[in-house]
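The values are calculated or read from the model by the stated rules, or taken from the named source; none is laboratory data. All values reported here derive from a predicted model rather than from experimental measurement. Backbone-built Cβ (ideal geometry, glycine too); neighbour counts: all protein chains shown.
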Amino acid sequence: MSISFRGLHPHFAAEVSGVDLREARAPAALDRLRAGMDEYAVLVFRDQPFTDAEQLAFAQRLDGALHTKTGISALQKNRLGDEALTDISNVNERGEIQQREDRRREYSLANRLWHTDASFQDPPGRYSMLHARVIPPAGADTEFADMRAAYDALDAAMKARLEGLRVHHSIAYSRQTLGFDFSDAEKAQLQGAVHPLVRTLPRSGRKALYLASHASRIIDWPLPDGRLLLRDLIEHATQRQFVHRHAWRAGDLVIWDNRCTMHRATPFEDGRYQRELRRVTTLDVERRDADASSARGGTG
Ligand code: OGA
Ligand code: MN
């Protein structure tokens, strides 16, 4: 088995061949995948026939503990019966396409806002691994933006200005921009979290903007100033030159690093065609494989 990477974009994203992820357990193979994540931030694997259990097991082998609060557990029961397995689909518990007014459908439309997974939690998500089970005939690509390249492209004065700033992320905030109301009980469960606006990735030493539509304000800045800066930065970071678009096939697994990318869903005829994917996200806590042996501060 020889794992190889083929770059898909000038800045990031690669398609990986030569590996059946259900069988990937040798430390050398897992290390090669982690090194690929450090370099490319988004990895695409074709023809991975995962079951739910295999997908959950692989995610833990690659990156440790799983996140169980990446979605909206305050609002809905998980159809799949495991809080670590996020249902990215437009079907209800009977497997039928959701009604137009189904709150879960409206809720999942918010994936079309640029975001990173679980930035409204602490710890947030590190790697997300999205597996395609049923894909509609047209539309529903997923777009990714490289927040390292976006950071690198800022001028020195802006980089200096952003250093040390902290941002509040809230899922209630991002949903409210689409007109959602939340009950007081829901709001109490959705307080949000504070994270640095610029993150340094521990293994590569590269810096990245940490942004999402969940970003509601800059701590210690007046509200309108902070909100305008966040809006300008998201606009900057999602220019076409930083974006890769993935067209799904059933059996694809895509892994992205939430610390240094944003992503968003794109439209499809969701009242007509079924779309079903499963996502597993790891917790952004220190990794047990103890990064020690890996290249650090590499500039390559
Ligand atoms: C996700 C997500 C986008 C899509 O799974 O976290 O945002 O295209 N998905 O389904
Ligand atoms: Mn997402």
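Just a few scattered comments:
- Contacts under 8 angstrom Cβ, first residue in segment 153-170 being more than 24 Å from V243 (Cβ to Cβ), partner hydroxyl-bearing (S, T, Y) and assigned to a strand (DSSP E or B), 6 or more apart: H168/S216; S170/S216
- Count - residues of segment 225-244 that are away from ligand 1 (no atom under 16 Å from the Cβ) and surrounded by 15 or more Cβ atoms within 10 Å (Cβ to Cβ): 8
- Being surrounded by fewer than 18 Cβ atoms within 10 Å (Cβ to Cβ) and either among the polar types (S, T, N, Q) or assigned to a helix (DSSP H, G or I) (or both) holds for only one residue in A59, A35, and it is A35.
- The set of residues from segment 249-283 being touching a Pro at 6+ places or on another chain (Cβ under 9 Å) and over 12 Å from G125 (Cβ atoms) comprises G251, F268, E269, D270, R272, Y273, Q274, R275.
- H131 vs. criteria touching a helix residue (DSSP H, G or I) at 6+ places or on another chain (Cβ under 8 Å), modelled with pLDDT of 95 or more and within 13 Å of ligand 2 (Cβ to nearest atom): no
- Of all residues in segment 250-274, those satisfying the criterion of being more than 13 Å from ligand 2 (Cβ to nearest atom), under 27 Å from A215 (Cβ atoms) and surrounded by fewer than 22 Cβ atoms within 10 Å (Cβ to Cβ) are P267, F268, D270.
- Taken over segment 151-206, the criterion of being exposed (fewer than 13 other Cβ atoms within 10 Å of the Cβ), small (G, A, S) and assigned to a helix (DSSP H, G or I) is satisfied by A156, A157, A160, A185, A188.
- Test: residue in segment 65-79 that is out of contact with any Ser or Thr (no Cβ under 9 Å at 6 or more places or on another chain), within 11 Å of ligand 1 (Cβ to nearest atom) and not aromatic (F, W, Y): no
- Hits in segment 245-256 - residues which are within 13 Å of ligand 1 (Cβ to nearest atom) and touching a Phe, Trp or Tyr at 6+ places or on another chain (Cβ under 9 Å): R245, H246, D252, L253, V254, I255, W256
- Subset of segment 262-287 [among the polar types (S, T, N, Q) and within 11 Å of ligand 1 (Cβ to nearest atom)]: T266, T281
- Sole exception among (1) more than 20 Å from L229 (Cα to Cα); (2) not in a loop (DSSP other than H, G, I, E, B) for R94, by number: (2)
- Criterion violated by R112 - all others in (1) within 16 Å of ligand 1 (Cβ to nearest atom); (2) crowded, with 16+ Cβ neighbours inside 10 Å satisfied: (2)
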